[in-house]
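One structure is given below, encoded as structure tokens.
The values are calculated or read from the model by the stated rules, or taken from the named source; none is laboratory data. Note that the coordinates shown come from a computational prediction; the quantities given were computed from them, not determined experimentally. Because the Cβ atoms are built from the backbone with ideal geometry, glycine has one as well, and the counts that use them run over all protein chains shown.
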Amino acid sequence: MAERIIKSFKVLIGVEVHVQLATASKMFTSAANGATNFGAAPNTLVDPVILGLPGVLPVMNKKAVEWSMKVGLAMGCKINRHTKWDRKSYYYPDLPKNYQISQYDLPLCGEGTFIVPLPDGSTKSVRIRRAHLEEDAGKLLHEAPGGFTIDHSIVDLNRAGTPLLEIVTEPDLSSGEEVAAYGQELQRLVQHLGVSEGQMQMGHMRFEPNINVHITDGDGKVIKTAITEIKNLNSFEALRKASDYEIQRQMQQWIETGSLGKKSTYGWDSSREVTFHQRDKEEANDYRYFPDPDLPVVEVSDAWLAEIKASIGELPAARLKRYCEVCGLSAVDAAIIADDRATADFYDAIIAAGADAKRACNLLLSHGKRLANERGVSMGKLPITPVRFAEVAKLIDASKLAASAAGAVFDKLLEGDAPAEQVAGSLGLIQSSDTGAIDAAIDALIAQNPKSLQDYRAGKQAAFGSLMGMVMKSAKGLNPKLVQERMKAKLG
Amino acid sequence: MAEKTITIDDVRHVAKLARLHLNADELARFTLQLGGILHYVEKLSELDVTGVEPMAHALPISNVLREDVAEESLPVEKVLANAPARDGDFFSVPKVIGGDEDSAG
């Protein structure tokens, strides 16, 4: 038998993501949303619609529809002006109605393109196939709370009916790293738009990569492994590792056995860091989709679409670009500020209040970060207003405050709000720019230290530093820049 | 007119999806009955629907939306009132083996 050789290969990964929307109520009824009431006692966010009791009728949550359009628009998707709801029928203990309301052939969002920044600084353009709105299922547990073994399974319906946006990409990704980068950029987007908390550990975003490999063998023939889907990954690390493992597993399987595998679903064992076979997908799932007679269609008018578009504002990628190109921040600084919306909004407010963009960045990343860390809040949530930050920035730029003294001013501002100049003044930190006073201090010192003056004139540059230090010490709050200037003029 | 015929295997498949256990007699009877229904509905294909937009809903209404306001849920005792079995405040169901943790998505 001829040896199987991989001359080259191409990895194709498409991703399905389920994003829980952070609405107050559920998708089709007014029971409180499980995604925004994480940790609620079991079965306390449940009403007759969630239970699927006879005679109940679902009514769409307007915000969930609008937020889905927002995400679609931000991902460059075409918004379908005419969409409908379909029933996806299957039996499972976490699905009381025995069908899930979803969108089959007329999803709210159609094709789009999403630009994903990669760790090496380049970007990847990922085609979006569709994004549709549906409802989440309940939670099925196989252990009692606390990890106790039980001989049955138990169901909590708090999650049932949570608005779920399913976003499907084309197979444009080619490594675990790219899949994880896509996930992170999507998380940034939904958090920025404020439509999902995007907390992975709470299940707000769940990922399912579909993976196969096109192998060029020793004879130059291209062969394709069967597509496998890895279910329910809910950390970026798992997403990256599971994808990379599955790529290797498919190629290894072909080299060792010549098998291309079967279309199937796999799970991820995060402790052993391996994918494991769950079931074959030989028989296509027969969900018997049909239009839900309980829900009228959704028509998206020009006016409605324009209103949603206007509400989106600047997107994270555009903001990052502006920070680098217009504000002149380094890529690293820009990324730190733009990463969290509250911080970025706060930063923009400091600039709007008149601060220099770079100075504002330095203050925010040094003092803002320190104060936020000390208090365990995000920078945007500090109890100091952007206006005060701008005042401090302006004091420094006007040489009225030493940059090194800014920390003391911020500490004082946290105790109580007052104009920054007043606070700095009360701390004795305002620097004098009175040239008369500076000249007098220099003259007095030169008179007292003729030796230093001689050393300086003899070419011992170090003497300048020690003289300047003495001038600064002789009178409190002199502007060091001016002192330096005046000394140079006087000493020649 | 192209006539759709339903086979006994179709009926077996649909019954399985609907979690119905049918015996041989029932399978034969329902195959005949369902075939009759499909034949009757097939009459619709005689209509010329050229240029008619497909409709997704019987009523000429759209955009029935509600504001996103959370309201009181049912007390847990009422939620579980019709449960065949319960375990504390959870529904208790036969052990699900070999499945995903849940069917989400």
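Filter the range A:427-448 down to residues that are part of a loop (DSSP other than H, G, I, E, B), closer than 16 Å to residue A:474 by Cβ and not polar (S, T, N, Q), then give me how many there are.
2
Take the residues in the range A:1-27 that are more than 9 Å from every other protein chain (Cβ to nearest Cβ), surrounded by 18 or more Cβ atoms within 10 Å (Cβ to Cβ) and part of a loop (DSSP other than H, G, I, E, B), then tell me which one is farthest from the chain's Cα centre (by Cα).
Looking at the filtered set, the residue picked out is A:27.
How many residues does the range A:82-117 contain that are touching a strand residue (DSSP E or B) at 6+ places or on another chain (Cβ under 7 Å) and under 30 Å from residue A:42 (Cβ atoms)?
Residues meeting the conditions: 13.
Filter the range A:101-124 down to residues that are out of contact with any Leu (no Cβ under 9 Å at 6 or more places or on another chain) and within 14 Å of chain B (Cβ to nearest Cβ) and give me whichever is farthest from residue B:15 (Cα to Cα).
A:106
Taking the range A:288-319 as the search range and keeping residues that are closer than 30 Å to residue B:13 by Cα and within 9 Å of another protein chain (Cβ to nearest Cβ), which one is surrounded by the fewest Cβ atoms within 10 Å (Cβ to Cβ)?
Ranking the candidates gives A:293 first.
Being among the basic types (Lys, Arg), free of Cβ contacts under 8 Å to residues at least 60 places away in the same chain and within 14 Å of chain B (Cβ to nearest Cβ) is true for just one of A:262, A:231. Which residue is that?
Criteria check complete, one pass: A:231.
Somewhere in the range B:77-85, is a residue among the aliphatic types (A, V, I, L, M), more than 11 Å from chain A (Cβ to nearest Cβ) and without any contact (Cβ under 8 Å) to a residue 24 or more places away in the chain?
No, because not a single residue in the range B:77-85 is among the aliphatic types (A, V, I, L, M), more than 11 Å from chain A (Cβ to nearest Cβ) and without any contact (Cβ under 8 Å) to a residue 24 or more places away in the chain.
Any idea which residue in the range B:86-95 is surrounded by the fewest Cβ atoms within 10 Å (Cβ to Cβ), counting only those that are at the interface with chain A (Cβ under 7 Å from one of its Cβ atoms) and not charged (D, E, K, R)?
Across the range B:86-95, the extreme among qualifying residues is B:94.
Can you tell me how many residues in the range A:289-314 are modelled with pLDDT of 90 or more and either outside any helix (DSSP H, G or I) or β-branched (Val, Ile, Thr) (or both)?
Result for the range A:289-314: 15.
Pull up the range A:30-39, narrow it to residues that are part of a loop (DSSP other than H, G, I, E, B) and facing chain B (nearest Cβ under 9 Å), then point me to the one that is surrounded by the fewest Cβ atoms within 10 Å (Cβ to Cβ).
In this case the residue turns out to be A:37.
If you go through the range A:296-310 one residue at a time, do you hit one that is under 30 Å from residue A:224 (Cα atoms) and of a type in the set (S, T, N, Q)?
No - not one qualifying residue is present in the range A:296-310.
Select, from A:451, A:460, A:400, the only residue that is outside any helix (DSSP H, G or I) and not assigned by TED's automatic domain parsing to the domain that holds residue A:370.
Criteria check complete, one pass: A:460.
In the list A:56, A:65, A:49, which residue meets the criterion of being under 16 Å from residue B:70 (Cβ atoms) and either more than 9 Å from every other protein chain (Cβ to nearest Cβ) or part of a helix (DSSP H, G or I) (or both)?
A:49
Going by the structure shown, is residue A:351 in contact with a Cys (Cβ under 8 Å, 6 or more places away or on another chain) and either surrounded by 14 or more Cβ atoms within 10 Å (Cβ to Cβ) or in the same structural domain as residue A:339 (by TED's automatic domain parsing) (or both)?
yes
Could you look through the range B:8-54, keep only residues that are outside any helix (DSSP H, G or I) and closer than 17 Å to residue A:288 by Cβ, and pick out the one that is nearest to the other protein chains (Cβ to nearest Cβ)?
B:19
Report, by residue number, each residue of the range A:125-163 that is more than 7 Å from chain B (Cβ to nearest Cβ), at pLDDT 95 or above and assigned to a strand (DSSP E or B).
A:125, A:126, A:127, A:128, A:129, A:130, A:131, A:132, A:133, A:134, A:135, A:163
Select from the range A:176-226 the residues that are closer than 23 Å to residue A:268 by Cα and hydroxyl-bearing (Ser, Thr, Tyr) and write down the one among them that is surrounded by the most Cβ atoms within 10 Å (Cβ to Cβ).
Per the stated criteria, the residue is A:182.
So residue B:46 clears everything in (1) without any contact (Cβ under 8 Å) to a residue 24 or more places away in the chain; (2) more than 22 Å from residue A:287 (Cβ to Cβ) except one condition, right? Which one?
Among (1) without any contact (Cβ under 8 Å) to a residue 24 or more places away in the chain; (2) more than 22 Å from residue A:287 (Cβ to Cβ), residue B:46 violates only (1).
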